[in-house]
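Step one of this worksheet: look at the structure below.
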Amino acid sequence: MLSQLALRSKAHWGYDEDFLERCREALTLRGADVERRRTAVAELDGPIAGVAGLVTLEGEPPVGELGMLFVDPAAIGRGVGRLLFQHALTTARDLGFTRLTLDADPNAEPFYLAMGATRVGTSPSSVIPGRRLPMMFLPVPAATC
């Protein structure tokens, strides 16, 4: 169900079937992945409306990676992405991370910029040879009283 949500979200950007099929494996969440990747889901009026995963780099703080953040197309623009992103930051902070990195879909880069991330370069796609993705960085805010 979560993997299908990720594919629907990716398809929202107008990618063709061949591209989506090439992304299928990378966007597949298996049972063991859900806990390992610290996956959170958001519901909106009943059905799952989004999914985010926080993946650590080399398994240790202070630097982590936001591995997935997908919102069902029906819920885009309703604050679900912001809620999931804020949850990921809170989880990262609680686990001792001080910085997060992420490779953004080019269509999602404006969202991450609005969330406070900074583009620091590009990284190669793990799925499409020759494709470059925006590589982004953001500090994890300290807890406020």
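Here are the numbers:
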{"quantity": "From 50, 67, residue being surrounded by 15 or more Cβ atoms within 10 Å (Cβ to Cβ) and touching a helix residue (DSSP H, G or I) at 6+ places or on another chain (Cβ under 8 Å)", "calculated": "50"}
{"quantity": "Test: residue in segment 93-101 that is more than 24 Å from residue 7 (Cα to Cα), among the β-branched types (Val, Ile, Thr) and free of Cβ contacts under 8 Å to residues at least 60 places away in the same chain", "calculated": "yes"}
{"quantity": "Matching residues, segment 12-30, being closer than 17 Å to residue 125 by Cα and within 17 Å of the chain's Cα centre (by Cα)", "calculated": "13, 20, 23, 24, 25, 26, 27, 28"}
{"quantity": "Pairs with Cβ under 7 Å, 6+ apart, first in segment 112-126 and within 12 Å of residue 102 (Cβ to Cβ) and surrounded by 15 or more Cβ atoms within 10 Å (Cβ to Cβ), second at pLDDT 95 or above and of a type in the set (Gly, Ala, Ser)", "calculated": "112/104"}
{"quantity": "Leading residue by the ranking (nearest to residue 75 (Cα to Cα)) among those in segment 1-19 that are free of Cβ contacts under 8 Å to residues at least 40 places away in the same chain and out of contact with any Leu (no Cβ under 6 Å at 6 or more places or on another chain)", "calculated": "4"}
{"quantity": "Test: residue in segment 24-43 that is of a type in the set (S, T, N, Q) and loosely packed, with under 14 Cβ neighbours inside 10 Å", "calculated": "yes"}
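Yes/no matrix, rows are residues, columns are (1) of a type in the set (Val, Ile, Thr); (2) within 22 Å of residue 27 (Cα to Cα):
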position: 71; (1), (2): yes, yes
position: 85; (1), (2): no, yes
position: 90; (1), (2): yes, no
position: 99; (1), (2): no, no
position: 108; (1), (2): no, yes
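The values are calculated or read from the model by the stated rules, or taken from the named source; none is laboratory data. This structure is a prediction, so every number in the text was calculated from the model and none was measured. Ideal geometry is used to build each Cβ from the backbone, glycine not excepted, and the neighbour counts take in all protein chains shown.
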